[in-house]
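Below: the structure, in structure tokens.
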Amino acid sequence: MANLFFFGTLRHLPLLELVLGRSGEALNAQPAALPGHGVYQVAGQPFPAIEERAGATAAGILVQDLTPACLDALNFYEGGFGYALKPVTVQLEDGSTAPAEVYFPEPGLWQTAEPWDLAAWVEEWGALSLRAAEEVMAYHGRMSAEEVARCFPSVRRRAAAWLAAQARPGAPDRDLSRDVVVHSHTRAWLNFFAMEEMELQFRRYDGSMSPVMHRSAAMAGHAAVVLPYDPVRDQVLLVEQFRAPPFIMGEASPWMWEPVAGVIDPGETPEETAIREAQEEAGVTVERLEAVAQVYPSSGALAEFIHVFIGISDLSDVNGGGGVAGEGEDIRSKILSYEELMLGVDDQIYQDMPLVTAALWLSRHRERLRNARS
């Protein structure tokens, strides 16, 4: 049996229960503290790290008598992020001490900032972390901790997208608790994207339930798409890059002309993503965004929700771009007139649906946008 001291996100009991697959009532847990240590926010990350600090005391919980299976689950959840167990002695509320182990980060792994606040973390990141942990722990025993850790940024993006979808209004004439029955839910595969499968039934228009169906969805999260438009010069900017999915499908020309696009990071708004990606991919400074649509581009297969914008820009001042090399991006751009864009739409030379959607919206609002700049 093992005794562990938790100082950070696993102090949040619902998260600890999810990782261990046990209820809090089944855990031998009590408040504890580790003198000579502090818990500090990791710079640029939604989690803390523990460090030796003279005069500081790290608050936490001591969980005793953890089984080898529990320890294996914890090592899977924490191990891929550069954490390793080390022995310590913690203080209990009654003044006594107890031996325990703590997940310490590798020396120099993280840069830390201000002291970490558990309540503030639960408010901002608790729900997202629970959703992300569900996906992570579904691969326990199927992937290594290091393999899952490499995928964790996309796991976190999908968790944020799921929460955003849950927050949107439901249909007033539908009750999902009655109208959809899920018989099984399988997380089948994980990489940059993920594949999830369900056996389910839905209520048909005649009031009866459908037969049990097996359905799969490619899980991609939320993304922002922006077509830069210069209303003074009446020009747009497109980017071109190699796209693996069309190639895998057999497409003879998998280099696609598109608007600028990028996945929305947790804590970032669609507008912030659109502005950031315009600079990264095309070197364009967006002055103002015009909302075009919020849509599922292929609701029968792809669980991706995109926010489409027109980005009002000065296309005489394009500087940089090309994408982020560390993300495997190799992007070129071109500027063309509005008339050239619409001729391409009419001739069906573009295969990217968000581009066609943005172009058709622009055709309806172009006069307004041009008059506003005159």
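The values are calculated or read from the model by the stated rules, or taken from the named source; none is laboratory data. Predicted model only: the values in this text are computed from it and were never measured. For neighbour counting, all protein chains shown are included, and Cβ atoms are generated from backbone atoms with ideal geometry for every residue, glycine included. Ligands, DNA and RNA are stripped out before the accessible areas are found, and what is left, the full protein with its side chains, is counted by its heavy atoms. Shrake-Rupley method; radii C 1.70, N 1.55, O 1.52, S 1.80 Å.
Below is a table of values for the structure above.
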{"read-out": "Given (1) open to solvent by less than 50 Å² (accessible area, probe 1.4 Å); (2) of a type in the set (Ser, Thr, Tyr); (3) more than 23 Å from ALA33 (Cβ to Cβ), number of the condition TYR103 does not satisfy", "value": "(3)"}
{"read-out": "Residue under evaluation GLU199, criteria (1) of a type in the set (Asp, Glu); (2) modelled with pLDDT of 95 or more; (3) in the same structural domain as GLY344 (by the TED database), criterion not met", "value": "(3)"}
{"read-out": "Scope the range 186-221; condition polar (S, T, N, Q), open to solvent by 60 Å² or more (accessible area, probe 1.4 Å) and over 21 Å from GLU146 (Cα atoms); matching residues", "value": "THR186"}
{"read-out": "Verdict on ALA100 being of a type outside the set (Val, Ile, Thr), modelled with pLDDT of 95 or more and under 17 Å from GLU51 (Cα atoms)", "value": "yes"}
{"read-out": "Yes/no for PRO153 being in a helix (DSSP H, G or I) and within 25 Å of the chain's Cα centre (by Cα)", "value": "yes"}
{"read-out": "Those residues of the range 294-309 which are at pLDDT 95 or above and hydrophobic (A, V, I, L, M, F, W, C), in sequence order", "value": "VAL295, PHE305, ILE306, VAL308, PHE309"}
{"read-out": "Single residue of the range 222-236 satisfying the filter (β-branched (Val, Ile, Thr) and outside any loop (DSSP other than H, G, I, E, B)) that is surrounded by the most Cβ atoms within 10 Å (Cβ to Cβ)", "value": "VAL226"}
{"read-out": "Among the candidates GLU123, GLU114, residue that is farther than 17 Å from ASN28 by Cβ, open to solvent by 60 Å² or more (accessible area, probe 1.4 Å), in a strand (DSSP E or B) and assigned by the TED database to the domain that holds GLY24", "value": "GLU114"}
{"read-out": "Filter pass, ALA73 being free of Cβ contacts under 8 Å to residues at least 12 places away in the same chain and closer than 18 Å to LEU10 by Cβ", "value": "no"}
{"read-out": "Segments classed as helices (runs of 4 or more DSSP H), wholly inside the range 244-349, with at least 1 members that are assigned by the TED database to the domain that holds ARG233, open to solvent by less than 60 Å² (accessible area, probe 1.4 Å) and under 23 Å from ALA160 (Cα atoms)", "value": "270-282"}
